[in-house]
Amino acid sequence: VQLQASGGGLVQPGGSLRLSCAASGTRLRMPNQGWYRQAPGKQRELVAFITSGGMVNYPDSVKGRFTISRDVAKRTVYLQMNSLKPEDTAVYYCKVVLGSAEFWGQGTQVTVSS
């Protein structure tokens with residue numbers, strides 16, 4: 001399974017970005033998928049998760065600002081990020097869980113700064 005993440009960049013506080021993660025190498029259209037982030041000097045943390053059944057989960061730090069969704073036909077999962085804050089600055093990674101296996105994308109940098 002290969003994951004290609006894109007959509008990161010530099011945005012001002014209060015702005016928005018949409019990240020995309022396209023999956024290939026699997027026939028499964030709706031796996032368990034998630035977005036994580038890692039800021040310098042910090043551990044990687046969960047940002048959003050969507051199960052194969054469509055249940056979503058967010059930590060309190062992003063709840064109400066971030067939305068995970070997916071396009072089943074395109075095998076792509078998205079992360080819409082609104083009202084961005086400087087503390088959202090990090091490298092964002094997508095992950096797919098297939099059974100006991102995990103697959104990670106290469107990461108995309110998000111920088112929130114004025």
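Quick notes on this structure:
- Loop-located trypsin sites (Lys or Arg not before Pro) in segment 11-101 whose Cβ has at most 13 other Cβ within 10 Å (DSSP): ARG27, ARG29, LYS42, LYS63, LYS74
- Gained length - SER69 relative to GLN43, 0.36 nm times residue gap less alpha-carbon distance: 6.9 nm
- Computed from phi, the 3J(HN,Hα) profile of segment 67-83 under the Karplus parametrisation 6.51, -1.76, 1.60 (θ = phi - 60°) reads 9, 9, 8, 8, 10, 4, 4, 8, 6, 10, 10, 10, 10, 8, 10, 10, 6 Hz, with x in place of Gly and Pro.
- Accessible area in the full protein assembly, largest first, 1.4 Å probe, for GLU102, GLU87: GLU87, GLU102
- For the chain: relative contact order, % (alpha-carbon pairs under 8 angstrom, 6 or more apart): 37 percent
- Annotation: extensible slack from GLN2 through GLN80 equals 25.9 nm (criterion: 0.36 nm per residue apart, minus Cα-Cα distance).
The values are calculated or read from the model by the stated rules, or taken from the named source; none is laboratory data. Since the model is a prediction, treat every value here as computed from it, not as a measurement. Positions of Cβ are backbone-derived with ideal geometry, glycine not excepted, and every protein chain shown enters the neighbour counts. Heads up: the accessible areas ignore ligands, DNA and RNA and are worked out on the full protein's heavy atoms, side chains in. Shrake-Rupley method; radii C 1.70, N 1.55, O 1.52, S 1.80 Å.
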